[in-house]
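The structure appears below as structure tokens.
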Amino acid sequence: MYAVIVLGIETSCDETAAAVVSDGRRVLSSVISSQFDLHRAHGGVVPELAARRHVTAIVPVVEQALRDAGIDRDDLDAIAVTQGPGLAGALVVGMNAAKAMAYALGRPLVAVNHLEAHIYANWLCDSPNVPSEPLFPILCLLVSGGHTELILMTGHRRFQHLGRTLDDAAGEAFDKGARLLGLGFPGGPAIQEAASKGDPRSFELPRAWLAGTYDFSFSGLKTALLRLTEPMRVPESDVASATGPPSSMSGPFREHRPPTYAPDAPIADLAAAFQQAVIEPLVVKTARAAAEFDARTVVLAGGVAANSLLRDRLLREVLAQCGPGVPVAFPSHAYCTDNAAMVAAAAAWVIRAGDLVGWEADVHPRLSLTQR
Ligand code: KG4
Ligand code: ZN
């Protein structure tokens, strides 16, 4: 499998991305065209707008990835694409682009599970914390905008679920929390930035420990933040000018404009308390599972893995519960949130397993990690 050069394509949500990776480990190029500007006004990703932006962005992004890698398209050994989970219309754009390239070049098509790709970002060579490949068994915390899962990985592409969120994903909690605090979209980086100036001890927010399980829950925390902040808001009738179009988010948030707070409102303290309340159960349960299942490496994956407090706390907690022999790995920041290098990295192991797909391959918007 080594020295295989793979083009990865990722269009599952709101980033159009293409990357060239050699050996499943060395990134030759990674191009990401973000749609933040398009979705920001809506307070969340609008599926149809996302799909249509992928249509216009995909060819320039792929061309840029080939140029940056300094290779010709004939040098590619395989074309890999995210098959799911994700937004159906968005996934279709990537799948069709990948099929067209694979067909025209006479190369194999590799369908990659987006969740598996997030995990395999830890095999990319410049993952900062672990110089060599992670050792099995691996305890993996996958935390993204749509998923929060605790997984035992016993070998390549062998995943066992230990726990998951019962409601909101961790990234979704960050996004909704940021919206309640008027911090904008995407919420994770905004909360982290605001929290860096706040004191997490200023407010008491609940943690759902769900004792005796490796499951998580964040909806109670979100409701607690709503209750806490409601009295601090400037009433809508007092807000002189409209603050933006209504949100496209579902549930009780749908009709809410971004809330307005007085200039002296303790937003930084609230953000810090909220960030800590999301992270604590993640860290404690991950380290506990690593100890229980004798993991040799702990890996973090998904967009929320970019969070500095999560990384620092996990390092400390794994050291406390497992001792110094269990390293904690996480991808570089660029490969935590959605990107195509992780797709090409995962593809190397799919190719090695001989798990190629034919032209009948479809997208799978609700694909799970253990589904084939
Ligand atoms: O993996 P990803 O790019 O997309 C999905 O597959 O969902 O994850 C996006 C999520 C968003 O919810 C975003 O708010 C969160 O990752 N995120 C963060 C940070 N950076 C991105 N959450 C906390 N702290 C961050 N620094
Ligand atoms: Zn993702």
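The table below lists the values:
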| quantity | calculated |
| --- | --- |
| At most 16 other Cβ within 10 Å, DSSP loop - trypsin sites (Lys or Arg not before Pro), region 277-349 | Arg296 |
| Rounded FRET efficiency, nearest 0.05, which uses the C-beta distance separating Ser132 from Gln160 and R0 of 25 Å | 0.60 |
| Binned Cα-Cα distances of region 118-194, short to long, each 5 Å bin given as a whole percent | 3, 15, 18, 17, 17, 14, 10, 4, 1 |
| Of all accessible heavy-atom area on the chain, the percent that carbon and sulfur account for (1.4 Å) | 53 |
| Neighbour-limited loop hits for trypsin sites (Lys or Arg not before Pro), region 196-226 (at most 14 other Cβ within 10 Å; DSSP other than H, G, I, E, B) | Lys197 |
| In Hz, Karplus ³J(HN,Hα) per residue of region 52-57 (6.51, -1.76, 1.60; θ = phi - 60°; x = Gly, Pro) | 5, 5, 4, 4, 7, 8 |
| The chain: angle of helix 341-352 to the longest principal axis, Cα-based, in degrees nearest 10 | 40 |
| Span from the region 193-213 Cα centroid across to the region 158-180 one, whole angstrom | 15 |
| Karplus-derived 3J(HN,Hα), 6.51/-1.76/1.60, for each residue of region 276-286, Hz, glycine and proline x | 5, 5, 6, 6, 3, x, 4, 5, 5, 6, 5 |
| Simple label model, 7 Å out from Cα along Cβ direction - Asn96 to Val55, nm | 0.7 |
| With at most 11 other Cβ atoms within 10 Å, longest stretch of the chain clear of loop chymotrypsin sites (Phe, Trp or Tyr not before Pro) (DSSP) | 3-358 |
| For region 76-84, 3J(HN,Hα) per residue [Karplus equation, 6.51 cos²θ - 1.76 cosθ + 1.60, θ = phi - 60°, Hz, x = Gly/Pro] | 6, 9, 7, 10, 10, 9, 5, 9, x |
| Ratio of Rg to Rh over the chain (Cα coordinates, Kirkwood Rh, two decimals) | 0.98 |
| Pairs of lysines in the chain (C-alpha under 25 Å apart; 8 or more residues apart or interchain) | 5 |
| Net length gained if the chain between Asp23 and Trp359 were fully extended (0.36 nm per residue, minus Cα distance) | 118.5 nm |
| Given 11 as the ceiling on other Cβ atoms within 10 Å, longest exposed-site-free region of the chain for GluC sites (Glu not before Pro) in DSSP loops | 1-203 |
| Nitroxide proxy distance, nm - points 7 Å out along Cα→Cβ at Ala41 and Asp294 | 5.8 |
| Contour excess over end-to-end distance, with Cα ends at Val234 and Leu105 and 0.36 nm allotted per residue | 40.5 nm |
| Probe 1.4 Å, accessible area per residue of region 1-109, Å² | 40 |
| Leading residue at positive end of dipole, region 62-142 (Cβ point charges), from Pro85, Pro134, Leu105 | Pro85 |
| Max mean-square fluctuation residue, GNM over the chain, Cα-Cα springs under 10 Å, options Ser144, Ser33, Ser202 | Ser202 |
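The values are calculated or read from the model by the stated rules, or taken from the named source; none is laboratory data. Not measured: the values here are computed from a predicted model. A quick note on method: Cβ atoms are made from the backbone with ideal geometry, for glycine too, and the neighbour counts reach across all protein chains shown. Note: areas computed on protein heavy atoms with side chains; ligands, DNA, RNA excluded. Shrake-Rupley method; radii C 1.70, N 1.55, O 1.52, S 1.80 Å.
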